[in-house]
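The values are calculated or read from the model by the stated rules, or taken from the named source; none is laboratory data. Every value quoted in this text rests on a predicted model; they were computed, and no experiment measured them. Using ideal geometry, Cβ is built from the backbone for each residue, glycine included, and neighbour counts are taken over all protein chains shown.
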Amino acid sequence: MPQFPDLFTHLDALISRPSVSSANPALDTSNVPVIDYLAQCFEDLGFRTEQIASPGTSALTAGNAKRNLLATRGEGPGGLVLAGHTDTVPLDEALWSVNPFRLTEKDGRLYGLGSTDMKSFFPLIMEALKSFEGVTFRQTLIVLATADEETSMQGARTLAELGRPKARCAVIGEPTGMRPIHAHKGIMMESIDLLGRSGHSSNPDLGRNALDAMHEVISELILFRQSLQQRYHSPLFSIPRPTLNLGCIHGGDNPNRICGQCRLQFDLRLLPGMEIATMREEILQRVLPIAERHDVKATIKPLFAGLPAFYTDPANELVKTAERLTGNSAASVAFGTEAPLLQRLGMDTIILGPGDIDQAHQPDEYLALDRLQPCIDTLRGLIRHYCL
């Protein structure tokens, strides 16, 4: 791997430190080894570093502790945040043709878990910084590395609650093929539990059938979906309407018993202008009357806090600067990122990084070698523009 020896060394070091984020505790791992490695790398580059624990860990050294890193160089009220997450999704190692926890260069590609999504962003930043050795930054450059983006986004939420980081602009290096992204949909994942009473199926009066009630709830959610699609529309997206997917249902235990309990889980993809709290209230107002009619208990709860839709005006100066540096026009994407959480801190925010989202979350994840130099050049241009 002769082209970028330091970059490859750093990326291999990050990939070889597993940092899986999963709602399944058996699969979930700490990201501390990755954070510690990045902290040392950026300290060697003249950055001040601070590690901040995410909630749910009793100490920074707890077994599955999760940390976030803020690495800062320079002073000044403006500046730039370069942000990325340190975690990966789980994997089925048997489906990989290479070792997922080592960097493998083959056929013009860099293989490894997190190579595209998105551990490579940090070594690319380090490579770009070589052009600024000994240079005094007039405005702050902050490198942000977060935990648990792939599940709860708790790392970014923790920092946002602290009001950090603060800068003029933020660029999140998710894989976009080096196309500036100024909008994406939001997401809610919700669970509805109906508790009735079981009994012998030969006499319906012996119980209260939770599955009968859920049938009506599903019909009401389909009507709700139709209502949303009539009320909201955005030409920014290839699917220009909000979507509601009925994802999974579980209920009952035997065909000759009245179903005493039923659970439905679904997701809702939000367009800009749709508020999570408003959507949850509408769902509540539709479901509770059904539960009352069927004399069952309804519990409605989010599976995670939810992520708002993201939108930055395409005429924004950061968007225009990124378009100029990359030669690519701004666009929107379907997947969600930490962008809304950074944007709420008052920073102009876009998503821009190497690689393609189609390569993420699957066996033999890779980053093409020809994506490296365009990203390095763009990062140099952004640092020069916002920090010098």
- What residue, of R324, R280, is without any contact (Cβ under 8 Å) to a residue 60 or more places away in the chain and touching a Gly at 6+ places or on another chain (Cβ under 9 Å)? R324
- Task: Go through segment 321-369 and give me each residue that's hydrophobic (A, V, I, L, M, F, W, C), assigned to a loop (DSSP other than H, G, I, E, B) and either surrounded by fewer than 20 Cβ atoms within 10 Å (Cβ to Cβ) or within 15 Å of the chain's Cα centre (by Cα) (or both).
- Result: A334, F335, L345, L352, A360
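State whether one or more residues within segment 314-322 are in contact with a helix residue (DSSP H, G or I) (Cβ under 8 Å, 6 or more places away or on another chain) and in the same structural domain as L91 (by TED's automatic domain parsing). Steps first, please.
At the first step, the residues of segment 314-322 found to be in contact with a helix residue (DSSP H, G or I) (Cβ under 8 Å, 6 or more places away or on another chain) are 321-322.
Next cut, in the same structural domain as L91 (by TED's automatic domain parsing) only: 321-322.
Within segment 314-322, one or more residues are in contact with a helix residue (DSSP H, G or I) (Cβ under 8 Å, 6 or more places away or on another chain) and in the same structural domain as L91 (by TED's automatic domain parsing).
Can you give me the number of residues within segment 56-91 that are of a type in the set (D, E) and modelled with pLDDT under 95?
First pass over segment 56-91, keeping only residues of a type in the set (D, E): 75, 87.
Now drop any that are not modelled with pLDDT under 95, which leaves 75.
Summing the residues that are of a type in the set (D, E) and modelled with pLDDT under 95 in segment 56-91 gives 1.
I'm checking my understanding of the structure. Among residues of segment 16-29 that are among the small types (G, A, S), within 25 Å of P123 (Cβ to Cβ) and under 17 Å from the mean Cα position of the chain (by Cα), which one is modelled with the lowest pLDDT? Even if it seems obvious, please write down each step before you answer.
Narrowing segment 16-29 to residues among the small types (G, A, S): 16, 19, 21-23, 26.
When the remaining residues are screened for being within 25 Å of P123 (Cβ to Cβ), the result is 16, 19, 21-22.
Narrowing further to those that are under 17 Å from the mean Cα position of the chain (by Cα): 19, 21-22.
Numbers: S19: 97, S21: 94, S22: 91.
If we take residues in segment 16-29 being among the small types (G, A, S), within 25 Å of P123 (Cβ to Cβ) and under 17 Å from the mean Cα position of the chain (by Cα), then S22 is modelled with the lowest pLDDT.
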- Message: Tell me the residue from L221, L211, L246 that is part of a strand (DSSP E or B) and at pLDDT 95 or above, please.
- Response: L246
- Query: Which of (1) of a type outside the set (A, V, I, L, M, F, W, C); (2) out of contact with any strand residue (DSSP E or B) (no Cβ under 7 Å at 6 or more places or on another chain); (3) free of Cβ contacts under 8 Å to residues at least 40 places away in the same chain is the odd one out, the single condition R225 does not satisfy?
  - Reply: (2)
- Query: Given the conditions (1) assigned to a loop (DSSP other than H, G, I, E, B); (2) over 20 Å from S30 (Cβ atoms); (3) of a type outside the set (S, T, Y), and given that R102 satisfies all but one, which numbered condition is not satisfied?
  - Reply: (2)
- Message: Can you report the number of residues in segment 158-171 which are of a type outside the set (A, V, I, L, M) and buried (at least 19 other Cβ atoms within 10 Å of the Cβ)?
- Response: 4
- Taking segment 276-318 on its own, how many of its residues are surrounded by 18 or more Cβ atoms within 10 Å (Cβ to Cβ) and outside any strand (DSSP E or B)? 13
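Take F101 and tell me if it is modelled with pLDDT of 95 or more and farther than 30 Å from E133 by Cβ. Spell out how you get there, then give the answer.
Values: modelled with pLDDT of 95 or more: yes; farther than 30 Å from E133 by Cβ: yes.
Yes, satisfied.
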- Would you be able to say whether some residue in segment 36-43 is touching a Cys at 6+ places or on another chain (Cβ under 9 Å), buried (at least 19 other Cβ atoms within 10 Å of the Cβ) and assigned by TED's automatic domain parsing to the domain that holds A167? no
- Within segment 253-275, how many residues are among the small types (G, A, S) and buried (at least 16 other Cβ atoms within 10 Å of the Cβ)? 1
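Out of everything in segment 76-95 that is touching a Leu at 6+ places or on another chain (Cβ under 8 Å), assigned to a loop (DSSP other than H, G, I, E, B) and not polar (S, T, N, Q), what residue ends up being nearest to T146 (Cα to Cα)?
Once the filter is applied, the top-ranked residue is P90.
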